[in-house]
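The values are calculated or read from the model by the stated rules, or taken from the named source; none is laboratory data. Values in this document were obtained by computation on a predicted structure and should not be read as measured data. Glycine gets a Cβ as well: all are built from the backbone with ideal geometry, and neighbour counts include every protein chain shown.
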Amino acid sequence: MTRTRSMLLAAAAALIAMASPGSASAAEAMVVTYKDDVSTLDPAIGYDWQNWSMIKSLFDGLMDYKPGTGDLVPDLAESYEISPDGTQYTFKIHPGVKFHNGREVTAEDVKYSIERVVNPKTQSPGAGFFGSIKGWDEVSGGKSETLSGITVVDPHTIKFDLSRPDATFLHVMAINFSFPVPKEEVDKLGADFGKSPVGNGAFKLKEWTLGQRVVLERNADYWKKDSPKLDQIEFQIGQEPSVALLRLQRGEVDILGDGIPPARFLEAKNDPKNKGLIVEGGQLHTGYVTMNVKTAPFDNVKVRQAVNMAINKDRIVKIINNRAVPANQPLPPSMPGYDKNYKGYAYDPEGAKKLLAEAGHPNGFETELYANNTDPNPRIAQAIQQDLAAIGIKANLKTLAQSAVIQAGGDGSAPMIWSGGMAWIADFPDPSNFYGPILGCGGAVQGGWNWSWYCNEELDKMAAAADAMTDPAKKAEREEAWRTIFIRIMDDAPWAPVFNEQRFTMHSPRIKGADALFVDPVHIPVHYDEVTIAE
Amino acid sequence: MITFSLAFLVPADPVRMIAGRNATPTVVENIRAQLGLDRPLPIQYAGYLARLAQGDLGRSYMQRTEVSTLIASRLPATLMLMAGTIFFELLIGLTAGILAATRRGGFSDRAVMLASFVGVSAPHFLVGLLLLYVFAYLLGLFPLGGYAHGSLKHLVLPALTLGIAGGGWYSRVMRSSMVDVLRQDYIRTARAKGLKERKVVLVHALRNAILPIVAMVGLDIGIFMSGAVVVESVYGWPGIGQLAWQAIQVIDIPIIMGVTLTAAVAIVLGNLLADLATPFIDPRVRL
């Protein structure tokens with residue numbers, strides 16, 4: 001009798017557990033959904049949408065940003081000093097900060113971790129960020145394992161000698177690839193470190209069920225006493241965004257990691273029930289059409305200007321339900337150096353036709369427009385195709401997988417590319433990141449990301465001069481220098497900037513925090529360390 | 001071999017996907033050398049086979065995890081979805097097929113043929129979202145997707161979505177096969193003996209008519225082992241399809257190879273199982 005009863009009870013308990021998965025810990029765990037797998041949580045390797053902010057919560061670097069802004073603040077570093085010529089950066093490391101395995105973080109760890117990223121054996125996508133540190137060429141070329149430009153002065157002091165003054169270096173020290181990892185754990189786990197990361201951040205890894213979920217829990221020994229605000233974050237993987245939205249409406253999900261699905265956007269945004277749950281903010285993103293300046297007819301600046309005038313940006317923004325703002329210059333509005341007063345090329349098909357005629361193409365010409373094949377990019381490419389047709393340019397669409405478009409851009413075979421779904425979101429909030437790889441001579445190489453193949457030696461010199469202004473007092477002057485560079489680029493019009501994407505983060509009613517935390521320019525989709533759950 | 005060559009014919013460079021957008025050409029070439037992708041293809045293939053012979057499928061380029069671990073982590077969900085789907089396929093297919101065959105030309109026959117046509121043609125994505133919306137969101141009978149360590153509650157809707165499409169095929173095959181069998185002499189004999197029609201159909205005719213269905217199940221085992229991408233993504237089901245689909249996007253060749261290999265083995269095994277099962281159903285067939 002008792003046995004039957006306890007069996008029944010057990011069965012009932014099992015049923016309840018089945019009916020409400022995860023409800024036991026729901027009170028304090030925030031649930032975030034993602035469609036794609038989390039590939040790795042190794043800061044030297046992780047560079048995708050899902051893991052970027054998770055890694056920021058598992059690890060702390062020398063520098064970070066004030067939550068909700070792009071303003072640099074020391075983090076693992078207590079303080080820092082920049083030499084007057086801008087080639088030497090010295091950081092004092094906060095004493096007593098511990099890795100999740102209990103060992104203190106020292107200057108040695110910072111040195112080891114950066115050298116690990118630059119070492120080609122690690123196959124890190126972040127090696128290039130450290131190019132200004134002395135000795136980079138030797139390590140990156142496999143001739144040495146140690147960077148001559150990094151000196152451990154004492155366990156809590158580290159000095160970087162740069163081969164050129166680099167005003168972006170503090171940003172580089174805030175990027176995931178610079179985060180310290182404990183050597184003993186990397187040696188022990190090898191390539192599997194990325195699946196069992198040991199960090200020094202606000203959260204530590206609690207559970208990882210491959211392809212299903214990743215659970216982070218509060219690091220009880222975290223050195224910042226008021227952080228993090230949450231006990232647990234559960235990332236559920238493999239969740240279709242439109243289903244995740246339904247689950248959020250039912251209270252099973254707190255944050256849509258992939259955002260509101262485009263097809264449901266208007267409906268969700270206009271639903272009075274969602275008032276206060278959708279936060280809109282800027283993004284360090286520009287979507288643009290590149291024109292290969294090395295090949296005819298785009299080697300003629302008039303043709304490129306005509307394309308700029310032919311594209312009806314307002315219509316394209318409408319096509320994507322106003323999830324963006326029209327752009328007239330390479331930099332997005334929230335980036336330092338953006339020129340508020342610049343008017344750009346206004347929409348003017350008649351003027352565009354005139355320019356085309358002046359360039360010797362009164363009847364237009366035929367070309368190819370490459371685009372990523374994920375929604376909404378084919379629709380945007382079609383709109384651009386129609387706009388070009390109106391001035392006589394017959395652009396044949398090539399909508400391909402992302403990797404194939406990147407290939408065609410990098411080898412110079414694509415005359416025009418719509419950048420959506422591939423480029424460009426800045427790695428850090430500094431205008432320099434919008435120049436070198438995508439508009440500078442350094443990016444105009446085989447396999448590079450400067451798909452216009454635009455290379456202006458004079459602007460390259462100006463850019464180098466701007467990045468040499470390392471004195472924080474010259475911040476405004478440096479911004480002005482960048483502003484000039486980007487407007488000069490628009491005179492040559494290697495791109496037709498189309499729009500800057502806006503971010504719309506939707507959260508459940510119980511997740512609280514300042515609006516800025518939900519559209520943080522660096523921690524995407526939300527600042528995991530700072531948001532709170534209401535009781 | 002074909003997968004191997006195809007993976008390298010794709011007009012995109014896996015190394016560039018690994019190296020990221022900040023990589024200089026030197027970094028890209030260094031990584032290529034690290035992965036051994038700078039060597040001639042036949043040598044790479046020989047190396048792959050040699051490692052495969054030792055049971056080593058390699059490590060994923062992007063995840064840096066053993067491919068065998070990744071595939072093993074997806075197997076339980078894939079096998080479960082396969083079992084659930086075949087269950088619904090048989091349930092729907094056999095019932096509808098027999099119903100249609102025994103009432104040939106009648107209303108039920110035409111209704112079944114129309115329904116099976118719709119079932120086969122409707123996109124999985126649509127059926128999946130529809131079932132999810134009605135039975136999970138509106139009625140709350142089932143969870144809104146997920147896997148939850150193999151709970152049956154979570155299995156029903158994804159399996160039903162695939163089962164509807166498969167069941168459509170099965171019912172058509174079942175119907176025509178049953179119609180053929182019902183014309184046979186021994187069925188007339190059975191009826192002449194005075195057996196009940198139900199017994200004639202379900203015992204005598206079914207045993208013969210079901211043989212093509214058994215072969216189809218064998219094929220399905222192979223097909224579902226390579227994953228059901230659409231249904232897996234709608235329901236957040238952590239099967240092999242999701243793994244393969246994501247790997248294809250970033251040209252993660254070791255995973256693509258591993259999944260293809262698994263599917264190939266499964267197709268052989270599925271057909272073998274079907275062949276082995278046949279004699280039990282129809283003793284006239286000998287192996």
> Is there a residue in region A:419-437 that is closer than 28 Å to residue A:82 by Cα, of a type in the set (A, V, I, L, M) and free of Cβ contacts under 8 Å to residues at least 60 places away in the same chain?
Replying inline: no
> Here is a list of conditions, (1) in a helix (DSSP H, G or I); (2) in contact with a helix residue (DSSP H, G or I) (Cβ under 6 Å, 6 or more places away or on another chain); (3) more than 8 Å from chain A (Cβ to nearest Cβ), and residue B:219 meets all of them except one; can you say which number that is?
Replying inline: (2)
> If you check residue B:140 against the conditions, is it touching a His at 6+ places or on another chain (Cβ under 7 Å), modelled with pLDDT under 90 and of a type outside the set (A, V, I, L, M)?
Replying inline: no
> Which helices (runs of 4 or more DSSP H) sit wholly inside region A:215-312 and have at least 1 residues that are within 14 Å of another protein chain (Cβ to nearest Cβ) and farther than 30 Å from residue A:410 by Cα?
Replying inline: A:241-249, A:265-270
> Is it the case that some residue within region B:141-151 is under 30 Å from residue A:247 (Cα atoms), among the polar types (S, T, N, Q) and not in a helix (DSSP H, G or I)?
Replying inline: yes
> Going by the structure shown, is residue B:227 farther than 25 Å from residue B:280 by Cβ and under 16 Å from the mean Cα position of the chain (by Cα)?
Replying inline: yes
>> It is to be established whether one or more residues within region A:308-323 are surrounded by fewer than 16 Cβ atoms within 10 Å (Cβ to Cβ), at pLDDT 95 or above, in contact with a strand residue (DSSP E or B) (Cβ under 7 Å, 6 or more places away or on another chain) and of a type in the set (D, E, K, R).
In response: yes
> Looking at residue A:494, is it in contact (Cβ under 8 Å) with a residue 24 or more places away in the chain and buried (at least 18 other Cβ atoms within 10 Å of the Cβ)?
Replying inline: yes
>> Given the criterion in contact with a Lys or Arg (Cβ under 6 Å, 6 or more places away or on another chain) and in contact (Cβ under 8 Å) with a residue 60 or more places away in the chain, identify the matching residue among A:506, A:469.
In response: A:469
> Are any residues in region B:179-206 of a type in the set (Val, Ile, Thr), surrounded by fewer than 17 Cβ atoms within 10 Å (Cβ to Cβ) and under 23 Å from residue B:96 (Cβ atoms), and if so, which ones?
Replying inline: B:203
> Counting only residues that are touching a strand residue (DSSP E or B) at 6+ places or on another chain (Cβ under 6 Å) and among the basic types (Lys, Arg), which one in region A:205-247 is surrounded by the most Cβ atoms within 10 Å (Cβ to Cβ)?
Replying inline: A:213
> Got a sec? Which helices (runs of 4 or more DSSP H) wholly within region A:377-451 have at least 3 residues that are buried (at least 20 other Cβ atoms within 10 Å of the Cβ) and within 11 Å of chain B (Cβ to nearest Cβ)?
Replying inline: A:402-410, A:436-439
>> Can you tell me how many residues within region B:224-235 are surrounded by fewer than 20 Cβ atoms within 10 Å (Cβ to Cβ) and closer than 13 Å to residue B:259 by Cβ?
In response: 2
>> residue B:23 - would you say it is within 30 Å of residue A:43 (Cα to Cα), in contact with a Pro (Cβ under 7 Å, 6 or more places away or on another chain) and not β-branched (Val, Ile, Thr)?
In response: yes
> Do we have any residue at all in region A:260-271 that's buried (at least 20 other Cβ atoms within 10 Å of the Cβ) and touching a Gly at 6+ places or on another chain (Cβ under 9 Å)?
Replying inline: no
> Where residues in region A:452-466 are in contact (Cβ under 8 Å) with a residue 40 or more places away in the chain and among the aliphatic types (A, V, I, L, M), which of them is surrounded by the most Cβ atoms within 10 Å (Cβ to Cβ)?
Replying inline: A:466
> Do we find that residue B:43 is of a type in the set (Val, Ile, Thr) and closer than 28 Å to residue B:218 by Cβ in this structure?
Replying inline: no
> Inside region A:494-529, can you point out the residues that are under 20 Å from the mean Cα position of the chain (by Cα) and part of a loop (DSSP other than H, G, I, E, B)?
Replying inline: A:502, A:519, A:520, A:521, A:522, A:523, A:524, A:525, A:526, A:527, A:528, A:529
>> Which residue is surrounded by the most Cβ atoms within 10 Å (Cβ to Cβ), if the candidates are limited to region B:105-125 and must be of a type outside the set (Val, Ile, Thr) and in contact with a helix residue (DSSP H, G or I) (Cβ under 6 Å, 6 or more places away or on another chain)?
In response: B:116
> Can you name the residue in region A:186-201 that is of a type in the set (A, V, I, L, M, F, W, C) and under 16 Å from residue A:101 (Cβ atoms) and, of all such residues, is surrounded by the fewest Cβ atoms within 10 Å (Cβ to Cβ)?
Replying inline: A:189
>> So residue B:242 ticks every box in (1) more than 10 Å from chain A (Cβ to nearest Cβ); (2) assigned to a helix (DSSP H, G or I); (3) touching a helix residue (DSSP H, G or I) at 6+ places or on another chain (Cβ under 6 Å) but one. Which box is left unticked?
In response: (1)
>> Could you go through region A:56-63 and let me know if any residue there is touching a residue at least 12 places away in the same chain (Cβ under 8 Å), small (Gly, Ala, Ser), in contact with a Lys or Arg (Cβ under 6 Å, 6 or more places away or on another chain) and not in a helix (DSSP H, G or I).
In response: no
> Regarding residue A:342, is this residue closer than 25 Å to residue A:486 by Cβ, of a type in the set (Ser, Thr, Tyr), in contact (Cβ under 8 Å) with a residue 40 or more places away in the chain and more than 14 Å from every other protein chain (Cβ to nearest Cβ)?
Replying inline: yes
> Is it true that residue B:127 is more than 9 Å from every other protein chain (Cβ to nearest Cβ), modelled with pLDDT of 90 or more and either more than 19 Å from residue B:76 (Cα to Cα) or in contact with an Asp or Glu (Cβ under 9 Å, 6 or more places away or on another chain) (or both)?
Replying inline: yes
